[in-house]
Amino acid sequence: MIELGVNIDHVATLREARKGDAPDLIAAAKMCELAGAHQITIHLRQDRRHIQDRDVEVLRQALLVRMNLEMGAADEIIAIAHRIKPYTVCLVPENRQEVTTEGGLDVASQQERLTEVVQGFHENDIRVSMFIDPDTPQIEASAAVNADSVELHTGAYANAKGDALLAELRRLEDAADFIAQTGMAFHAGHGLTVRNLAPVAALRDLREVNIGHDIIARAIFIGLEGAVCEILATLQAYGL
Ligand code: PXP
């Protein structure tokens, strides 16, 4: 089946709005775990706008499911990842002005450095995923740097309407077919919701989705457990 990583960054966004203790990030992670999430995903940004260093440390101890650490390939964050040893790191582009991760990582233009970064993580038994746009050169470059998986950025699909939406879906389908030839595992994420997930869940050999904003937003109305469960129900219907 397709596995669900719940991105809980926005629980921390709400907490940081008051710089206090609520809502409790660890309680939220454990609730997602109890609801059946397969993984907890967090992004330790260089500007620390939501997840803080201590969150990463405490979650690493508290989680029973896998931790997926999203991160830019900055030396400071790489050093933290090596010390914490999450199950996976997902390398993303990072820009301090952006509201959220706006596009995929340009792996093709930095193959030499990323090969070294990936090798370093492998030597420390950490799997590496590349968050990329659904484009052939980026998939080829991810395979060339020995990534274990690629997470296709589904933001363009999520924002598109009408014919453009069909075109973005076709782009994801073509990318999924190409990934299947590389031996890398196929993940997807960004902008996925309980309403737009089904066509993505039907993509060839999809193994994992990472969903944050929609689950945390739905949780305001139906609770976190319910928000996780409705995504899992969609995945079960399409991902068998
Ligand atoms: N996957 C990656 C690599 C991301 O950077 C993000 C956003 O932090 C997500 C998934 C989740 O995106 P969303 O919050 O839109 O579900």
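Brief remarks on what is shown
- For the chain, averaging the sequence separation of C-alpha pairs within contact (under 8 Å, six or more residues apart) and dividing by the residue count gives a relative contact order of 21 percent.
- Projected label distance in nm at ASP177 and ARG48, using a 7 Å step from Cα toward the beta-carbon: 4.8
- Trypsin sites (Lys or Arg not before Pro) restricted to DSSP loop in segment 77-146 with at most 14 other C-beta within 10 Å: ARG96
- Contour excess over end-to-end distance, with Cα ends at ASN159 and ARG60 and 0.36 nm allotted per residue: 32.3 nm
- Once the C-beta distance of ILE222 and GLU112 is scaled by a Förster radius of 35 Å, the resulting FRET efficiency is 0.15 to the nearest 0.05.
- With the highest mean first, a sort of the peptides 16-24, 63-71, 166-174 on other beta-carbon atoms found within 10 angstrom per residue produces 63-71, 166-174, 16-24.
- Signed unit charges on C-beta, dipole axis of segment 47-88, positive-most listed residue GLN52, ALA79, ALA62: ALA62
- Taking all protein chains into account, the per residue accessible area for the chain stands at 46 Å² (1.4 Å probe).
- Most fluctuating residue given options HIS38, HIS190, HIS122, as computed from a GNM of the chain linking Cα atoms under 10 Å: HIS122
- Only Cα pairs under 8 Å and 6+ residues apart enter the sum, and on that basis the relative contact order of segment 81-220 stands at 19 percent.
- Net charge contributed by nearby residues that have their C-beta within less than 12 Å of PHE221 (K/R +1, D/E -1): -1
- The modelled label-to-label distance for the pair GLU98/ASP21, using points 7 Å beyond Cα in the direction of Cβ, is 3.4 nm.
- By the helix-only formula, in which each DSSP H run with n ≥ 4 contributes -39500 (n - 2.57) and the sum is divided by residues, the chain has a 222 nm mean residue ellipticity of -14500 deg cm²/dmol.
The values are calculated or read from the model by the stated rules, or taken from the named source; none is laboratory data. This one's a predicted model, so the numbers in the text were calculated from it and none came from an experiment. Every residue, glycine among them, receives a Cβ derived from its backbone with ideal geometry; neighbour counts consider all protein chains shown. Quick note on the areas: whole protein, heavy atoms, side chains included, nothing else; ligands and nucleic acids left out. Shrake-Rupley method; radii C 1.70, N 1.55, O 1.52, S 1.80 Å.
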